[in-house]
Amino acid sequence: MAFFRDFVVHTPEEIERIRVAMQMTAQVRDQLVELVRPGMSTLQIDMLAGDLIQAAGGTSGFLNYHGFPGNICISLNDEVVHGIGVANRIVQESDIVSVDIGVKYNGAVGDSAITFGFGELPKDTKRLLTATREALMAGIAAAVKGNCIRDISRAVEKRAMADRLGIVREMVGHGVGIKLHEPPDVPNYVTPVRGPKLVPGMVLAIEPMLNLGGNRITQDSDGWTIRTKDGSLSAHFEHSILITENKPEILTWPKTM
Ligand code: MG
Ligand code: MG
């Protein structure tokens with residue numbers, strides 16, 4: 001069920017603070033991707049992310065959020081989202097790794113995720129990662145003033161369907177900026193309602209979660225990790241964007257600060 005009734009339009013002063021937290025988020029994400037290697041435990045990756053967040057001058061936007069125990073979410077292979085770093089989980093050469101990061105700074109918070117592997121990837125894995133990244137970019141391209149939330153959803157769904165990928169429905173994109181989750185929801189599939197019209201000042205986290213197999217998911221007994229029910233690989237790409245008078249501004253685009 002998607003909730004569309006409310007949406008948040010940020011003030012220019014808020015947007016300036018959000019911009020900084022988003023840039024920190026992008027910086028930590030890209031530094032982390034460069035440093036993650038097979039042989040590391042997912043707990044090591046989480047601690048490394050914690051160090052990078054601190055070095056950037058921020059704090060984790062995820063730690064303790066609804067009781068979440070990690071600095072970031074690390075989800076491998078068939079894990080969709082919300083994986084927790086653990087000491088005995090060692091990243092293998094053949095794994096795909098999703099990291100989801102939010103840096104909090106000066107009363108604002110970022111949100112961005114990426115999925116990657118190591119070396120030459122099997123054809124289907126490459127297809128999944130490419131399609132999920134392209135679904136995100138298609139959603140962003142539809143995030144223009146005057147469109148509605150459903151136009152973003154439709155663009156994401158269309159790209160996912162082109163590769164017959166499973167679209168996770170239980171978790172969706174969202175407003176973001178001052179709080180990690182703000183209204184409205186941004187589903188990755190077309191819903192019966194069109195949702196709010198997009199207006200400048202809205203900040204949205206668009207985040208397709210796509211599976212090589214079906215769309216069904218299940219939650220682990222740790223109370224957090226979400227994985228595909230059929231064990232198929234899952235990918236997750238997320239950017240936070242600002243609706244403007246013209247093209248959307250990708251706030252978590254890679255940039256050297
Ligand atoms: Mg995220
Ligand atoms: Mg998000």
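Read the figures in this text as sums done on the coordinates, not as results from a lab. Remember, it's a predicted structure, so these values are computed and weren't measured experimentally. Here the Cβ is made from the backbone with ideal geometry for all residues, glycine too, and neighbour counts use every protein chain on show.
Scanning the range 95-109 for residues that are away from ligand 2 (no atom under 16 Å from the Cβ), closer than 17 Å to residue 33 by Cβ and assigned to a strand (DSSP E or B) turns up just one, 97.
Mind checking which residues of the range 185-198 are within 13 Å of ligand 2 (Cβ to nearest atom) and over 13 Å from the mean Cα position of the chain (by Cα)? 185, the sole residue that qualifies.
Name the single residue that is nearest to the chain's Cα centre (by Cα) among those in the range 76-94 being more than 16 Å from ligand 2 (Cβ to nearest atom) and of a type in the set (Val, Ile, Thr). The qualifying residue nearest to the chain's Cα centre (by Cα) is 84.
Selection of first residues in the range 103-116 that are among the polar types (S, T, N, Q) and of second residues that are away from ligand 1 (no atom under 15 Å from the Cβ), restricted to Cβ pairs under 6 Å at least 6 apart or on distinct chains, gives the following pairs, ordered by first then second residue: 106/17; 115/96; 115/129.
Within the range 188-198, the set of residues being more than 15 Å from ligand 1 (Cβ to nearest atom) and either surrounded by 17 or more Cβ atoms within 10 Å (Cβ to Cβ) or free of Cβ contacts under 8 Å to residues at least 12 places away in the same chain (or both) comprises 189, 191, 192, 195, 196, 198. Residues in the range 31-57 that are loosely packed, with under 14 Cβ neighbours inside 10 Å and not in a helix (DSSP H, G or I) were compared, and the one that is farthest from the chain's Cα centre (by Cα) is 39. If you go through the range 58-73 and keep only what is surrounded by 22 or more Cβ atoms within 10 Å (Cβ to Cβ) and either touching a Leu at 6+ places or on another chain (Cβ under 7 Å) or assigned to a loop (DSSP other than H, G, I, E, B) (or both), you end up with 58, 61, 62, 70, 71, 72.
Scanning the range 160-183 for residues that are away from ligand 2 (no atom under 12 Å from the Cβ) and either assigned to a loop (DSSP other than H, G, I, E, B) or buried (at least 23 other Cβ atoms within 10 Å of the Cβ) (or both) turns up 160, 163, 164, 165, 168, 169, 170, 178. The residue that is farthest from residue 93 (Cα to Cα), among those in the range 110-128 that are part of a loop (DSSP other than H, G, I, E, B) and within 16 Å of ligand 2 (Cβ to nearest atom), is 110.
The residues of the range 102-140 that are under 30 Å from residue 59 (Cα atoms) and of a type in the set (A, V, I, L, M, F, W, C), listed by number, are 103, 108, 109, 113, 114, 116, 118, 129, 135, 136, 137, 140. Picking from residues in the range 201-233 that are within 15 Å of ligand 2 (Cβ to nearest atom) and not hydrophobic (A, V, I, L, M, F, W, C), the one that is farthest from residue 169 (Cα to Cα) is 207.
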